[in-house]
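Okay, so here's the structure we're looking at.
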Amino acid sequence: MRRYHAPGRVNLIGEHTDYNAGFVMPIAIAMGCDIRVSPSTRSVLHLTSAQFPGEMTFPLDVIPTMRRTGAWVDYILGVAREIHALGIELKPMKLHVDASVPTGSGLSSSAALEVSSALALLDGHELPKLELARLCQRAERNFVGMPCGIMDQYASVHGEEHKAILLDCRSITHQLVPIPDGAEIIVANTMVKHELGSSAYRQRVQECHEALSHFPGKEALRDVTLGDLERTASQIPEIPLARARHVILEDLRVQNFLEAAGRGDLHQMGKLMVESHRSLQHDYEVSCEELDFMVDTALTLDGVYGSRMTGGGFGGCTVSLVAPEAVERFEHGLSARYHDRYNLAPAIYRCTPSAGARRVA
Ligand code: GLA
């Protein structure tokens, strides 16, 4: 029996920039998805999960023409279809899935499931890392129907201990960024996920296209400068203008964050995280009341350099940079205040940058 693991991710900065060919800076985290592979005697893919009851069996020859089911298995079926499309034969097998990354938390439980199932289904057939990440992204786009960027799958595949990943989503290459000493990465889960999420994501992708159409000759919002935006602003309707402003400034924030990390300037890194949050809240409009409350509360607590929502938005988690000696008080303070306001106990995780997807047994 073999076992594969793929991590979830926390994005430190660079939100909703990946599908605009911009920059993102995620870390892979220790939580993720584990898949145990065992042989099957029948020509089927047999799927079970520690989180969801029941078992499902799919004949291998049916998978390439299947429609999505609406259940968690879609991520695996989508990956299986993409593997088949590459001309790689699917093997009869039983997969048992065990995920430690909470679903719907904005920590990329989907990418962790896709990448771990790709490793399991390939079961020894080596693909270059970038191809693996892209295959999983195609599974989500083509089969699950979510027009996502490359960040989550890329981070899950390429994660490194002690390092963040600065990913250029145009060249799809990365550089590793050491996180300065003197701060811990604390993730707090609002424990809410608003339904709006996937339709709003689609809408944001659309609004970015609309904004881009005002800049003939530019391939992506990544290519539009602040000067271009200012010159053209009066011709762009309010909403696409605000979306473009977020994307353009967020790309600049990622560059500034990188520089600040290089100098070990935690105050500047934190300030940029807060600016990112405000922009996601007001210009990109993907935050929600609970996320805003959590960020605003974090910023009143001692030892906090910065805090922002992380991931697609509409619920899920915040990420904060907190001085190590203040972490315990931060956790208590944030939990108590959030619980008082929403009667929900937020799960809080201390995250360290972790290794990417791999065979573990
Ligand atoms: C989701 C998508 C990513 C990215 C983020 C927002 O996690 O899967 O590709 O667009 O939202 O930054």
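The values are calculated or read from the model by the stated rules, or taken from the named source; none is laboratory data. Small disclaimer: the values here were computed from a predicted structure and weren't measured. In this analysis, Cβ positions are derived from the backbone assuming ideal geometry, glycine residues included, and neighbour counts consider all displayed protein chains.
For the structure I just gave you, tell me whether V286 is of a type in the set (V, I, T) and closer than 30 Å to A118 by Cβ.
Yes; evaluated as a whole, the condition is true for this residue.
Provide a single number: the residues in region 229-262 that are without any contact (Cβ under 8 Å) to a residue 12 or more places away in the chain and basic (K, R).
Going through region 229-262 one residue at a time, the tally reaches 1.
Any chance region 342-360 includes a residue that's within 14 Å of the ligand (Cβ to nearest atom), under 24 Å from A200 (Cβ atoms) and either assigned by TED's automatic domain parsing to the domain that holds C208 or in contact with a Gly (Cβ under 6 Å, 6 or more places away or on another chain) (or both)? Let's see the steps before the verdict.
Filtering region 342-360 for residues within 14 Å of the ligand (Cβ to nearest atom) gives none.
No, region 342-360 contains no residue that is within 14 Å of the ligand (Cβ to nearest atom), under 24 Å from A200 (Cβ atoms) and either assigned by TED's automatic domain parsing to the domain that holds C208 or in contact with a Gly (Cβ under 6 Å, 6 or more places away or on another chain) (or both).
Looking at V79, V97, which one is within 16 Å of the ligand (Cβ to nearest atom), over 26 Å from M269 (Cα atoms) and over 13 Å from the mean Cα position of the chain (by Cα)?
Just one listed residue meets the conditions, V79.
Could you go through region 116-135 and let me know if any residue there is within 14 Å of the ligand (Cβ to nearest atom), within 29 Å of D223 (Cβ to Cβ) and surrounded by 17 or more Cβ atoms within 10 Å (Cβ to Cβ).
Yes: region 116-135 contains one or more residues that are within 14 Å of the ligand (Cβ to nearest atom), within 29 Å of D223 (Cβ to Cβ) and surrounded by 17 or more Cβ atoms within 10 Å (Cβ to Cβ).
Has region 283-292 got at least one residue that is touching a His at 6+ places or on another chain (Cβ under 6 Å), closer than 19 Å to V10 by Cα, touching a residue at least 40 places away in the same chain (Cβ under 8 Å) and among the charged types (D, E, K, R)?
Scanning region 283-292, I find no residue that is touching a His at 6+ places or on another chain (Cβ under 6 Å), closer than 19 Å to V10 by Cα, touching a residue at least 40 places away in the same chain (Cβ under 8 Å) and among the charged types (D, E, K, R), so the answer is no.
Would it be correct to say that R278 is under 26 Å from R202 (Cβ atoms) and either in contact (Cβ under 8 Å) with a residue 60 or more places away in the chain or polar (S, T, N, Q) (or both)?
no
Is it true that some residue in region 206-214 is out of contact with any helix residue (DSSP H, G or I) (no Cβ under 9 Å at 6 or more places or on another chain) and away from the ligand (no atom under 16 Å from the Cβ)?
The answer is no, given that none of the residues of region 206-214 is out of contact with any helix residue (DSSP H, G or I) (no Cβ under 9 Å at 6 or more places or on another chain) and away from the ligand (no atom under 16 Å from the Cβ).
If you check S100, S38, S109, which single one turns out to be among the hydroxyl-bearing types (S, T, Y), touching a residue at least 60 places away in the same chain (Cβ under 8 Å) and surrounded by fewer than 20 Cβ atoms within 10 Å (Cβ to Cβ)? Can you show your working first?
Values: S38 fails: touching a residue at least 60 places away in the same chain (Cβ under 8 Å); S109 fails: surrounded by fewer than 20 Cβ atoms within 10 Å (Cβ to Cβ).
On inspection, the qualifying residue turns out to be S100.
Every residue in region 341-361 that is touching a helix residue (DSSP H, G or I) at 6+ places or on another chain (Cβ under 6 Å) and in a loop (DSSP other than H, G, I, E, B), please.
A345, P346, G356, A357
Conditions (1) out of contact with any Leu (no Cβ under 9 Å at 6 or more places or on another chain); (2) more than 26 Å from F23 (Cβ to Cβ), marked per residue:
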residue: T65; (1), (2): yes, yes
residue: T69; (1), (2): no, yes
residue: S110; (1), (2): yes, no
residue: E114; (1), (2): no, no
residue: A118; (1), (2): no, no
residue: K129; (1), (2): yes, no
residue: P147; (1), (2): yes, no
residue: A164; (1), (2): no, no
residue: L167; (1), (2): yes, no
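With the condition kept exactly as written, say whether any residue in region 32-49 is of a type in the set (A, V, I, L, M, F, W, C), farther than 20 Å from L119 by Cβ and over 24 Å from the mean Cα position of the chain (by Cα).
No, region 32-49 contains no residue that is of a type in the set (A, V, I, L, M, F, W, C), farther than 20 Å from L119 by Cβ and over 24 Å from the mean Cα position of the chain (by Cα).
What strands (runs of 3 or more DSSP E) lie completely within region 1-64 and have 2 or more residues being away from the ligand (no atom under 16 Å from the Cβ) and under 26 Å from G313 (Cα atoms)?
In region 1-64, the matching strands (runs of 3 or more DSSP E) lie at 26-39.
When you look at D74, is it surrounded by 19 or more Cβ atoms within 10 Å (Cβ to Cβ) and among the acidic types (D, E), yes or no?
yes
Which of the numbered conditions does L301 fail, given that it passes all the others? Conditions: (1) more than 16 Å from the ligand (Cβ to nearest atom); (2) among the aliphatic types (A, V, I, L, M); (3) touching a Phe, Trp or Tyr at 6+ places or on another chain (Cβ under 6 Å); (4) under 20 Å from V10 (Cα atoms).
The single condition L301 does not satisfy is (4).
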